[in-house]
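Derivation of every value follows stated rules applied to the coordinates shown; laboratory data play no part. Worth saying up front: this structure is predicted, and the values here are computed from it rather than measured. Virtual Cβ from ideal backbone geometry, glycine too; neighbours counted across all protein chains shown.
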Amino acid sequence: PIEDVAYERKETPKLRHISRSELKRMMETPLPDPMMELARRTFIFSSLTGLAYADTRALHPRHIGTTSEGRRYIRIRRAKTDVEAFIPLHPIAGQILDLYNTTDDDRPVFPLPVRDVLWYEVHGMGVALGMKENLSYHMARHSFGTLTLTAGIPIESIARMMGHTNIDSTQVYAQVTDRKISSDMDRLMERRKPAAGKEAAG
């Protein structure tokens, strides 16, 4: 009978990301080592554009454009899905771009090393900045997804910016932010309990 069939609950994938305050701390802390500083800048850039490592490494000046209103953007096909991502540039992402190659289309924008080297530098940067989590470059893309959703940007726009093949991929970030809101509310209620007890006693 159907009553004996166990309900199998599908777990939401755990998307590791950094918080807004951690990203702010990263922005405010230049690093003396040149390679680690490159890792810091490109991690911030990916946190503000949603570009994965492969797409950041493939970024060339031809992928950067300007609208008739003077707003800069990136238009690039994602290496993983071949879906076009259209990303209006955050001013800080634009400032980072301008530190590198934005004119010679024979060279990429960022002089990024191979993946393993950059991952090592990102991990070292996390340690240097006192991050609790074991930092990896892909956390930058996840951070973009969660931070933009938290900021109230429509999920359809985020899907376009992230180059997702369908809205289901983006929906995962909504589930992550919903859980965060729930846990924040739980903590708020826990803090209010002692206060409520004092009021009742008074």
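One table, with the values for the structure above:
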| quantity | calculated |
| --- | --- |
| Interchain or long-range residues, amide H under 5 Å from residue 72's placed H | 67, 89 |
| For segment 115-153 and segment 11-68, distance of Cα centres in Å | 8 Å |
| Distance between modelled label sites at residue 107 and residue 155, nm, 7 Å Cα→Cβ extension | 4.3 nm |
| Segment 16-201: Rg to Rh, with Rh as the Kirkwood radius over Cα pairs | 1.05 |
| Amide H contacts under 5 Å for residue 85, placed H, 5+ residues apart | 76, 77, 78 |
| Amide H contacts of residue 60 (H built 1.01 Å from N, under 5 Å, at least 5 apart or other chain) | 109 |
| Relative contact order computed over segment 18-121 (Cα-Cα under 8 Å; 6+ residues apart), in percent | 26 percent |
| In segment 82-173, the GluC sites (Glu not before Pro) that fall in loop regions by DSSP, at most 13 other Cβ within 10 Å | 133 |
| In order through segment 20-30: 3J(HN,Hα) via Karplus (6.51 cos²θ - 1.76 cosθ + 1.60), integer Hz, x for Gly, Pro | 4, 5, 5, 5, 4, 4, 4, 5, 8, 10, x |
| In Hz, Karplus ³J(HN,Hα) per residue of segment 60-68 (6.51, -1.76, 1.60; θ = phi - 60°; x = Gly, Pro) | 10, x, 5, 7, 9, x, 9, 6, 5 |
| Potential lengthening between residue 33 and residue 189 on full extension [0.36 nm per residue; Cα-Cα distance subtracted] | 51.8 nm |
| Neighbour cut-off at most 16 other Cβ (10 Å), DSSP loop, trypsin sites (Lys or Arg not before Pro), segment 40-99 | 71, 80 |
| Rounded if a/c under 1.5, otherwise prolate or oblate - segment 72-169, Cα gyration tensor axes | oblate |
| Difference of contour (0.36 nm per residue) and Cα-Cα distance, residue 69 to residue 16 | 15.5 nm |
| Phi-based couplings in Hz for segment 146-163 (Karplus 6.51, -1.76, 1.60; Gly and Pro marked x) | 6, 5, 5, 5, 4, 6, x, 6, x, 4, 5, 5, 5, 4, 5, 5, 8, x |
